[in-house]
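First the structure, in the form of structure tokens, and then the observations on it.
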Number of protein chains: 2
Amino acid sequence: MQGMNGKTMIVLLSGGLDSMVCAGLAREAGAHIVALTVDYNQRHRVELQSAARIAEAVGAVEHIVLPLDLTRFGGSALTADIDVPKDGLADKVPITYVPARNLIFLSLTLGLAEARQAQDIVIGVNALDYSGYPDCRPDFIAGFEALARLATRDGDKGVEFSIHAPLQYMTKADIAAEAARLGMDAAMSWSCYDPTPDGQHCGLCDSCRLRRKGFADAGIADPTRYAVGA
Amino acid sequence: MQGMNGKTMIVLLSGGLDSMVCAGLAREAGAHIVALTVDYNQRHRVELQSAARIAEAVGAVEHIVLPLDLTRFGGSALTADIDVPKDGLADKVPITYVPARNLIFLSLTLGLAEARQAQDIVIGVNALDYSGYPDCRPDFIAGFEALARLATRDGDKGVEFSIHAPLQYMTKADIAAEAARLGMDAAMSWSCYDPTPDGQHCGLCDSCRLRRKGFADAGIADPTRYAVGA
């Protein structure tokens, strides 16, 4: 990302490795960072602590942690009493998919962007090393960007909103390397869907597997403590 | 709306006259109604009581009142400490516009639809007697419907989501008449953006003006108590 000097960017900050790198890229680009974290009562709410650490580390001018209790809807292992799969990545969309989550979250960032008179939004979606969630794919992001114009007063006035997805075509190894290049401590971030009672990454969920493989493939030391070894 | 017999419909239920009529049309069509009301900490939170009354009146199988504090974003007279205009409808989008609200709310209904295995969503947007909000227009609704396929697992599997907007081309008088035809008591509903301390409609905000004119044009007795007369 370039040319953001002094411009306000809304960073969708879950607290995971991907959103951490997005926040770092926004800082590198010179943006004024307004970070939005949604507390959707997710199973791994511990990631909210990571989001707070990252927002502080990148010097966010504002960090909104917005409660939105998606357990009222359910339908996902992250928002209902359903076990998180531990036996490796599958071909189909896994039960950790949260219905329409990225659409809901991007819509919130768009409302926040309009309220802050910002035109730029950053989201850490990735279409390579991911779980096959439909709302991480490039055509969804492009479709949302097009709809943003119709959905807003500012778009109606000709303001173009840009949805930046700088990790879209990166592997998890690329992302781990990018974190290192940016001088960010990956230990600030949280990936695990199903933390152990004593606050470790489980090591077996899709998100842990992708994270671990990313560091290994990049040849970078993984600062994460996993409850179960590789 | 027709052919909904026994199908689940998600009704976006603010508690206003328009959403009341949508709920009545869903009931008339034979749908199983799952109502979603967003408590966005709006100035006129009293409308939540109306939503509860309406949900009960139409026999909703489920009514979710979801807190989502949009005052954290601000940027609107409904979600920030900004006066509600009282001097009549203007040509431009008024300050009561809430940034990206309908996109945020429709995204939530889509997540709920997917979690409940429903394909039909009803929203009471209107493009005739309205305040000029961009996210009430037909091209926005059509754009959202198209994006719903890309945004969801079910859409990815070929499930088509339908966004029903049965009031789209009705005047407010048509809507008042429709409420009467459905045998619904309009006094259940709430329209005013800026309720008086003793809980009356102010009579002067855009929403009150549209409501009052609708009943007058339809030649139907208006059950609403307005603080300021016509």
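The values are calculated or read from the model by the stated rules, or taken from the named source; none is laboratory data. What you are looking at is a predicted structure, and each value in this text was computed from that prediction instead of being measured. Here the Cβ positions follow ideal geometry from the backbone for every residue, glycine too, while neighbour counts run over all protein chains shown.
Does B:Arg45 satisfy the condition of being closer than 19 Å to A:Asp156 by Cα and either crowded, with 19+ Cβ neighbours inside 10 Å or within 18 Å of the chain's Cα centre (by Cα) (or both)? So that I can check it myself, show each step before the final result.
Details: closer than 19 Å to A:Asp156 by Cα: no; either crowded, with 19+ Cβ neighbours inside 10 Å or within 18 Å of the chain's Cα centre (by Cα) (or both): yes.
Answer is no for this residue.
Taking the range A:2-11, which residues are touching a residue at least 40 places away in the same chain (Cβ under 8 Å) and either at positive phi or buried (at least 24 other Cβ atoms within 10 Å of the Cβ) (or both)? Show your work before the answer.
Narrowing the range A:2-11 to residues touching a residue at least 40 places away in the same chain (Cβ under 8 Å): A:4, A:7-11.
A:Met9, A:Ile10, A:Val11 - these are the residues of the range A:2-11 that are touching a residue at least 40 places away in the same chain (Cβ under 8 Å) and either at positive phi or buried (at least 24 other Cβ atoms within 10 Å of the Cβ) (or both).
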Checklist entry - Do you know which of the residues in the range B:97-130 that are buried (at least 21 other Cβ atoms within 10 Å of the Cβ) and of a type in the set (Phe, Trp, Tyr) is farthest from the other protein chains (Cβ to nearest Cβ)? => result B:Phe105
Item to check | Spans of helices (runs of 4 or more DSSP H) in the range B:122-230 with at least 1 residues modelled with pLDDT of 95 or more and more than 14 Å from the chain's Cα centre (by Cα) | outcome: B:138-151, B:172-181, B:206-218
Next on the checklist: For the range A:49-65: of the residues being closer than 18 Å to A:Leu17 by Cβ and among the aliphatic types (A, V, I, L, M), which is nearest to the chain's Cα centre (by Cα)?
Outcome noted: A:Ala51
Next on the checklist: Being touching a residue at least 24 places away in the same chain (Cβ under 8 Å) and farther than 30 Å from A:Val159 by Cα is the requirement here; does B:Ala173 meet it?
Outcome noted: yes
Item to check | Of residues in the range B:193-213 being touching a Lys or Arg at 6+ places or on another chain (Cβ under 8 Å) and closer than 21 Å to B:Val93 by Cβ, the one surrounded by the fewest Cβ atoms within 10 Å (Cβ to Cβ) | outcome: B:Lys213
Item to check | Residue ID - nearest to A:Gly16 (Cα to Cα), chosen from residues in the range A:66-90 that are of a type in the set (A, V, I, L, M, F, W, C) and at the interface with chain B (Cβ under 9 Å from one of its Cβ atoms) | outcome: A:Leu66
Checklist entry - Among (1) of a type in the set (Gly, Ala, Ser); (2) at pLDDT 95 or above; (3) part of a loop (DSSP other than H, G, I, E, B), where does A:Gly88 come up short? => result (2)
Next on the checklist: Out of the residues in the range B:91-115 meeting the condition of being touching a Phe, Trp or Tyr at 6+ places or on another chain (Cβ under 8 Å) and in a loop (DSSP other than H, G, I, E, B), tell me which one is nearest to A:Ala151 (Cα to Cα).
Outcome noted: B:Pro99
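B:Leu66: touching a strand residue (DSSP E or B) at 6+ places or on another chain (Cβ under 6 Å), crowded, with 23+ Cβ neighbours inside 10 Å, part of a strand (DSSP E or B) and not polar (S, T, N, Q), yes or no?
No: the conditions fail for B:Leu66.
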Checklist entry - Taking the range A:172-230 as the region of interest, how many residues are in contact with a strand residue (DSSP E or B) (Cβ under 9 Å, 6 or more places away or on another chain) and aromatic (Phe, Trp, Tyr)? => result 2
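In the range B:131-168, what residues are aromatic (Phe, Trp, Tyr) and at the interface with another protein chain (Cβ under 8 Å from one of its Cβ atoms)? Explain how you work it out, then say what you get.
First, the residues of the range B:131-168 that are aromatic (Phe, Trp, Tyr): B:133, B:140, B:144, B:161.
Listed by number, the residues that qualify are B:Tyr133, B:Phe140, B:Phe144.
Is it true that A:Thr37 is surrounded by 15 or more Cβ atoms within 10 Å (Cβ to Cβ), over 24 Å from A:Ala186 (Cβ atoms), more than 9 Å from every other protein chain (Cβ to nearest Cβ) and without any contact (Cβ under 8 Å) to a residue 60 or more places away in the chain? Lay out the reasoning, then the answer.
Values: surrounded by 15 or more Cβ atoms within 10 Å (Cβ to Cβ): yes; over 24 Å from A:Ala186 (Cβ atoms): no; more than 9 Å from every other protein chain (Cβ to nearest Cβ): yes; without any contact (Cβ under 8 Å) to a residue 60 or more places away in the chain: yes.
No, not satisfied.
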Item to check | Count of residues meeting criterion [under 20 Å from B:Val38 (Cα atoms) and not charged (D, E, K, R)] in the range B:71-94 | outcome: 9
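Under the condition of being assigned to a helix (DSSP H, G or I) and of a type outside the set (D, E, K, R), which residue from the range B:40-63 is farthest from the other protein chains (Cβ to nearest Cβ)? First the steps, then the outcome.
Restricting attention to the range B:40-63, the residues satisfying the condition of being assigned to a helix (DSSP H, G or I) are B:47-57.
Okay, now just the ones that are also of a type outside the set (D, E, K, R), so B:48-52, B:54-55, B:57.
Numbers: B:Leu48: 15, B:Gln49: 19, B:Ser50: 20, B:Ala51: 15, B:Ala52: 16, B:Ile54: 19, B:Ala55: 15, B:Ala57: 22 Å.
Here the residue is B:Ala57.
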Checklist entry - Which of the residues spanning the range A:131-163 are charged (D, E, K, R), surrounded by fewer than 22 Cβ atoms within 10 Å (Cβ to Cβ), in contact with a helix residue (DSSP H, G or I) (Cβ under 8 Å, 6 or more places away or on another chain) and closer than 21 Å to A:Ala35 by Cα? => result A:Glu160
Item to check | Boolean, B:Gly143 is over 30 Å from B:Lys213 (Cβ atoms) and of a type outside the set (D, E, K, R) | outcome: no
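Does the range B:1-39 hold any residues that are outside any helix (DSSP H, G or I) and β-branched (Val, Ile, Thr), and which are they? Talk me through it step by step, then tell me what you get.
Step one: filter the range B:1-39 for residues outside any helix (DSSP H, G or I), giving B:1-16, B:29-39.
Hits for the range B:1-39 are B:Thr8, B:Ile10, B:Val11, B:Ile33, B:Val34, B:Thr37, B:Val38.
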Next on the checklist: The conditions are (1) out of contact with any helix residue (DSSP H, G or I) (no Cβ under 7 Å at 6 or more places or on another chain); (2) farther than 12 Å from A:Val21 by Cβ, and A:Gly183 fails exactly one of them. Which is it?
Outcome noted: (2)
